[in-house]
Each structure stands twice: as structure tokens, then as C-alpha cells.
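Note sheet for the following structure.
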Amino acid sequence: MTMNKEKIISAAIIAIGVVIAGFSLRSGIVTFKEMDKKVSVKGLAEREVKADKVTWPLIYKEIGNDPSEMYDRLTSKNKRVIAFLKSAGIKDSDISVNPPVISDRQADNYGNEIMNYRYKATSVITVTSSEVDKVRQLMRRQSELMKQGIAIVSEEYGNNAITYEFTGLNKIKPEMVEEATKNARTTAQKFAEDSDSKLGDIRNAQQGQFSIEDRDVNTPYIKKVRVVNTVEYSLE
């Protein structure tokens with residue numbers, strides 16, 4: 001009799017334990033599902049801005065057999081190029097003159113090519129300015145240098161190419177981050193309405209990297225600034 005009573009008590013304890021475990025498990029699942037009610041959306045913000053910095057390398061070459069004479073010609077041309085730039089309002093602080101680079105074509109001749117001139121010299125004067133419009137207008141006047149016997153060339157393989165930059169990112173960052181976040185909320189709100197839910201608070205937010213690219217190949221002086229924020233909202 002005592003043994004049967006003990007069995008009944010043990011069975012009752014086990015049954016209660018199973019009920020409690022089941023309730024806990026069920027509560028855990030419900031809590032997990034409640035915690036899982038969320039939506040993650042992306043918000044985009046884009047701006048088109050004008051470049052506020054330009055780097056313009058003016059490259060020209062000389063060939064000859066006497067390095068001393070070539071140096072004198074380069075020096076003379078440098079003075080004329082600088083005078084051309086300053087006559088258009090380019091400041092001294094925006095002009096830099098690189099030392100000429102001279103190559104010995106005879107030393108580099110692996111194909112036994114017959115050459116009339118042994119040396120080739122390259123000179124580069126660089127304009128770096130925040131007055132982008134002024135520099136662009138001056139670029140259109142390069143033919144004036146040709147009349148003085150100075151042919152501006154494009155360097156091979158894209159080296160020393162004209163570049164445009166936008167340096168004012170920090171000024172527009174806050175507005176763009178705010179815009180991207182608002183766009184993300186609009187998307188999340190639409191999702192909540194479509195799913196018969198109510199949009200809750202922000203659970204997590206990640207700001208994407210800002211990118212600055214040319215708007216297109218024909219207008220490198222116009223930049224496209226872009227950022228994508230990822231925002232996670234709770235749903236009720």
C-alpha cells in the first residue's frame with residue numbers, strides 16, 4: 001500500500017513537471033516569436049554636387065641630342081606656361097612645377113631603332129585649385145599655348161590625368177543620413193501596413209559607407225554622392 005502511494009506521488013510530481021516544462025517551453029516559443037517580429041529595411045539618399053577641387057597637369061615634351069639645350073628650352077616654356085596661367089587669374093600657390101624627367105632613348109633602344117634624337121624630356125606643371133569653373137574655362141584656351149610652340153599632351157596610360165574632387169562631404173553628411181533614415185522609415189511603415197502590423201521603435205541601425213563617383217564619363221566635374229542606411233524596426 002505504501003509502495004503504491006509512493007508511485008502515485010512520483011507520477012503526480014512527474015506530471016506536474018511535464019506541465020511546467022511544457023508551459024515554460026511554450027512561453028519560450030511565444031517570447032521568441034514576439035522577439036522575432038521585426039522588419040529590416042534600407043534607406044537611400046543621393047545628391048548631385050559640383051566638384052570643388054580640380055587638379056590639372058599641363059604636360060609637354062622635348063626631344064633633342066643636347067640635354068643642356070633641352071633644359072634651356074624647357075625652362076623657357078615653363079615661364080610661358082606660368083605666364084599664361086597667371087594671366088587668367090590662377091594664383092601662384094595653385095601652381096607647382098615638377099622637375100623635368102629625361103629619358104635616354106638610345107639606352108632604352110632594344111630593337112636597334114634608328115633615332116634622330118637621343119633624349120626625350122617631359123615637363124609637368126600642375127594646377128591645383130578650388131576655382132573649378134575658372135580652370136575649366138582656361139582648359140578651353142590651350143590652343144593659345146600651341147601658338148607659342150607648346151603642345152600640351154595627355155600622358156600615357158591615364159597617368160597625370162585631370163581629376164575633379166568633392167571635399168565638402170562633412171557639410172552634407174547629417175542631412176543625407178537624416179534623409180536616408182526617413183526613407184527607410186517610409187518603407188518600413190508601408191511594410192507594416194501591408195502586414196496588418198504597427199511599426200514600433202528602431203531596434204538597430206547601421207549607417208552605410210558614403211560613396212562619391214562621377215555622374216557620368218562626360219561630366220566628371222559633377223559628382224554623385226550616395227549613402228544607404230540599414231534600419232531594423234520592431235513590429236507590433
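Details
- Restricting the range 173-213 to residues that are assigned to a loop (DSSP other than H, G, I, E, B) and at negative phi, the residue that is modelled with the highest pLDDT: Phe210
- Annotation: Arg140 fulfils all but one of (1) more than 24 Å from Gly168 (Cα to Cα); (2) of a type in the set (Lys, Arg); (3) surrounded by 15 or more Cβ atoms within 10 Å (Cβ to Cβ); the unmet one is (3).
- For beta carbons closer than 8 Å, sequence separation of 6+ or different chains, a first residue in the range 99-111 that is over 17 Å from Asp72 (Cβ atoms) and a second that is basic (Lys, Arg) and modelled with pLDDT of 75 or more, the qualifying pairs are Ser103/Lys120; Asp104/Arg118; Arg105/Arg118; Arg105/Lys120; Gln106/Arg118.
- Of all residues in the range 197-214, those satisfying the criterion of being over 23 Å from Tyr233 (Cα atoms) and either aromatic (Phe, Trp, Tyr) or surrounded by 14 or more Cβ atoms within 10 Å (Cβ to Cβ) (or both) are Ile212, Asp214.
Yes/no matrix, rows are residues, columns are (1) assigned to a helix (DSSP H, G or I); (2) farther than 24 Å from Glu62 by Cβ:
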position: Ala121; (1), (2): no, no
position: Val124; (1), (2): no, no
position: Val127; (1), (2): no, no
position: Val135; (1), (2): yes, yes
position: Leu145; (1), (2): yes, no
position: Asn160; (1), (2): no, no
position: Tyr164; (1), (2): no, yes
position: Thr167; (1), (2): no, yes
position: Lys171; (1), (2): yes, yes
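Listed here are the residues, each with its yes/no results for (1) part of a strand (DSSP E or B); (2) open to solvent by 30 Å² or more (accessible area, probe 1.4 Å); (3) among the β-branched types (Val, Ile, Thr); (4) over 30 Å from Gly168 (Cα atoms).
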residue	(1), (2), (3), (4)
Leu74	no, no, no, yes
Asn78	no, no, no, yes
Leu85	no, no, no, no
Ser93	no, yes, no, no
Ser96	yes, yes, no, no
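- Flag not set for Pro67, criterion: farther than 30 Å from Lys223 by Cα and open to solvent by 60 Å² or more (accessible area, probe 1.4 Å).
- Filter result for the condition that a residue is under 30 Å from Met176 (Cα atoms) and modelled with pLDDT of 55 or more, over Thr55, Thr75: Thr55
The values are calculated or read from the model by the stated rules, or taken from the named source; none is laboratory data. Note that the structure is a prediction, hence the values are computed from the model and not measured. Cβ coordinates were reconstructed from backbone atoms using ideal geometry, including for glycine residues, and neighbour counts include every protein chain displayed. What goes into the accessible areas is simple: the full protein's heavy atoms, side chains included, and nothing from ligands, DNA or RNA. Shrake-Rupley method; radii C 1.70, N 1.55, O 1.52, S 1.80 Å.
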